[in-house]
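Q: Here's a structure for you.
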Amino acid sequence: MKLLFFSLSLIISLQSYSLSFLDQKSEQNKFKVDSLLSRAKNLRDSSFDASTKVGREAIELAKKTEETDIIAFAHKSQGITFFYQGLFDSAFVHYNTAKEEFKSINDSLNIARLNSNIGIIYRRTNKYDKALEQYLKALELYEALKYPKGIAAAYTNIGGVYQTLEDSNKALKYYLKAKEIYKHLNETQRFSRVLTNIGVLKFEQGNYTESLEYQLEALKLNDKQGMQQHKAIIQLNIGQTYQALKQPLNALEYYNYCEDIRLQLNDYWGLGKLFVLKAMVLEELDHNKSANDYFLKAEKICEKQNLSEDLKEACYRYSNFLENNNRPKEAIRYLKKYNHINDSLYEVNQSDYLAELTSKFESEQKEKELELLHQRTQIQKLELGQKNAWIIVLLVVMILGVVAVLVSLRINRLRADHKIMDLRQKVLLTQMNPHFLFNSLTAIQSFILDEKNDDANNYLSRLASLVRGILENSREEFVSLRTEIQTLEDYIGLQKLRFENDIAYHFEIDATLNQDEVMVPPMLAQPFIENALIHGKLRNNPEACINVKVTKKDGEQSIKFDIIDNGIGIEEAKIQSIQTHHKSLATSIALDRVKIYNFKSSKKMNFEIVDLKSINKNKSGTKVSYSIPILTPSK
């Protein structure tokens, strides 16, 4: 496993930007922004949540000042806070916002610093070519400004990229350049960080003793500045070096120091890797119970923070640990999990590579199109006197074509929206069938006249619950699985009370499904239950039975609905429908809903209706199956 080496330009963005941009003006808001940014910076060593909250207040207050530089520094500070939490997308947004503000006032120094910060994000997300591009842009600006601290920071970052790309010679070359500048400037903190990077490089080359010397010196210098975040990084590196030198007790001591600091800072981004290393040392010391606990901690935090690379490493190491401790079944399970993660990461990398190639191809095509357009423009200028009329005609045709396309797209969109609205109305009508309501109210009236008050009350309660559920759900595209099951139970219960024979029904719900979290389209199963009762002739069947099964499909992020009845079967029902000239409107609408769902969603819904006689001639009935991608409520 590779050591974690630190990129120096991030620290420049943290330490070297000053609040000197706040001139001593009378406006009180500017001084408040100054105070809030200082608080946000100080809180990073104790609570990221508190630092983020203060940073948001600073941004809102900065906007009220309408001062470009104040707004830029507020966004930059917030970007740094998000970066420390590993929230790179949020950091990227704030960095770019700050960069645009600085560009508007030609602040080259802070533009260079932000280029470095953005480069760090690219490096953390394995986009090394883009990271190097940002660092070189920063170096060019620093050199133009003759700013030695920035030049040294750029050298350090460039060295870091080459180190990641395993070009040790180039990496060491840039690190040593940075080291000499910081030594000359007496920059203790930055000098400590470049020593850390050199120590990591020596470790990767197998020079463990030399690496340890650099790391211990870096730790000593860092203690003078009290930077807890970087102290944890150095302690992790020292622990790994002692582990490589076969000194597990010393390694464990520094891992414990590192864990204390990262828990204090809520630095979950680095805990996954630390827990794996600590578990390996504990295993080496025969503290197998503690080692097992830390492997499980590593797995849990990596999954929670979506740290795929660290999770892959944790599963692989834990599999080896389980095998060494005679737990073969668990070892195989974690080895399979490791292989699954590894394959997933490969697919992601391939997808990113393909996207990059596509983007590059499209950029080249656009450049060619622009060049061709330029050539055509030159020709048109030469022939302008003769072709003015043709150009005007062509422009008019193009404009009319664009207008026609836009109008056509708008019409198609309106038709689609109208189709959806019409479909929703039809769904509501099928679920609130007037004939069904009339029969239900008649049944209630009959119970009352027969003085069956309990039956009437039960029927009325179920009908009220069903009507309320249908009206509420008709406004929603998705409802919880529990709501859907309850509505179906109310519907079947009402039908059961109406019919003279006792219709048995069963709901089998997969115990692994969280019925309150899983979302499904409302009342999609109802039309098929209605068809079973009416067209399947269940109400005339003394042994009528409906089974509704909801299961989670193995290996897929989807759930499967199976609606099974013992009626006459769909083929026989079709024949009788032809004879009576009846067409199932509910089934047709349900199928339209499936088509619209598949049209709008990348995850498709599969649908199948089977006559049980086609499977077993001794059976009768129909089986309706459809699968729905697992959806959960948006947070």
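None of the figures in this text is laboratory data; all of them are computed from the coordinates on show. No experiment lies behind these values; they were computed from the predicted model shown. Backbone-built Cβ (ideal geometry, glycine too); neighbour counts: all protein chains shown.
Q: Compute the distance in nm between two label points, each set 7 Å from the Cα along the Cα-to-Cβ direction, one at Asn598 and one at Arg56.
A: 4.3 nm
Q: Now for a different question. For labels at Leu409 and Asn547 in the simple 7 Å Cα→Cβ model, what's the distance in nm?
A: Label at Leu409, label at Asn547, 5.1 nm between them.
Q: For Tyr505, list long-range residues whose amide hydrogen, built 1.01 Å from N in the peptide plane, is under 5 Å from its own amide hydrogen.
A: Residues meeting the amide H criterion: Ile546.
Q: While we're looking at this one, here's another question. Provide the gained length on full extension for the span Ser46 to Ile105, in nm with one decimal, where the gain is 0.36 nm per separating residue minus the Cα-Cα distance.
A: Length gained, Ser46 through Ile105: 17.8 nm.
Q: Could you work out the local net charge near Tyr294, counting Lys and Arg as +1, Asp and Glu as -1, over the other residues with Cβ closer than 12 Å to its Cβ?
A: The answer is +2.
Q: Right, another one. What does the highest-first list of 456-467, 109-120 look like by mean Cβ count within 10 Å?
A: 109-120, 456-467
Q: State whether region 33-140 is rounded, prolate or oblate according to the following rule on the C-alpha gyration tensor (a ≥ b ≥ c being the square roots of its eigenvalues): a/c under 1.5 gives rounded; otherwise a/b larger than b/c gives prolate, and the remaining case gives oblate.
A: Judged from the Cα gyration tensor, region 33-140 comes out oblate (a/c at least 1.5, b/c at or above a/b).
Q: I'd like the FRET efficiency for Gln264 and Asn169, computed as 1/(1 + (r/R0)^6) with the beta carbon distance as r and R0 of 60 Å, rounded to 0.05.
A: My answer for the efficiency is 0.95.
Q: If I model a spin label as a point 7 Å beyond the Cα along the Cα-Cβ vector, how far apart are those points for Leu449 and Gln228 in nm?
A: 7.9 nm
Q: On a straight-distance basis, which aspartates and glutamates could pair with Lys560 in a cross-link, Cα separation under 20 angstrom, same-chain partners fewer than 8 positions away excluded?
A: The qualifying aspartates and glutamates are Glu477, Glu484, Glu489, Glu508, Asp510, Asp516, Glu517, Glu530, Asp592, Glu608, Asp611.
Q: Applying 1/(1 + (r/R0)^6) with R0 = 45 Å to the Cβ-Cβ distance of Thr632 and Ser290, what FRET efficiency is obtained, to the nearest 0.05?
A: 0.80
Q: Among the listed pairs Lys63/Lys146; Lys32/Lys127; Lys130/Lys278; Lys149/Lys278; Lys130/Lys273; Lys336/Lys553, give every one whose C-alpha distance is greater than 27 Å.
A: Lys63/Lys146; Lys32/Lys127; Lys130/Lys278; Lys149/Lys278
Q: May I ask which of Lys183/Lys220; Lys452/Lys549; Lys177/Lys202 have a Cα-Cα span longer than 23 Å here?
A: Table pairs above 23 Å Cα-Cα are Lys452/Lys549.
Q: Which ³J(HN,Hα) values, rounded to whole Hz and listed in residue order, are derived for region 119-135 from phi using the Karplus coefficients 6.51, -1.76 and 1.60 in 6.51 cos²θ - 1.76 cosθ + 1.60 with θ = phi - 60°, glycine and proline given as x?
A: x, 4, 4, 4, 5, 5, 9, 6, 9, 6, 5, 5, 4, 5, 4, 5, 5
Q: For Leu307, which sequence-distant residues (separation of 5 or more, or a different chain) have an amide H within less than 5 Å of its own amide H, given hydrogens modelled in the peptide plane?
A: Correct list: empty.
Q: 5 Å is the cut-off here: which amide hydrogens, built 1.01 Å from N in the peptide plane, fall below it relative to Leu631, excluding neighbours closer than 5 in sequence?
A: When sequence neighbours closer than 5 places are left aside, the close amide H contacts are Met519.
Q: Report the full-extension gain for the segment Asn342 to Asn126: residue separation times 0.36 nm, less the Cα-Cα distance, to one decimal in nm.
A: Extra length from Asn342 to Asn126 when fully extended: 76.2 nm.
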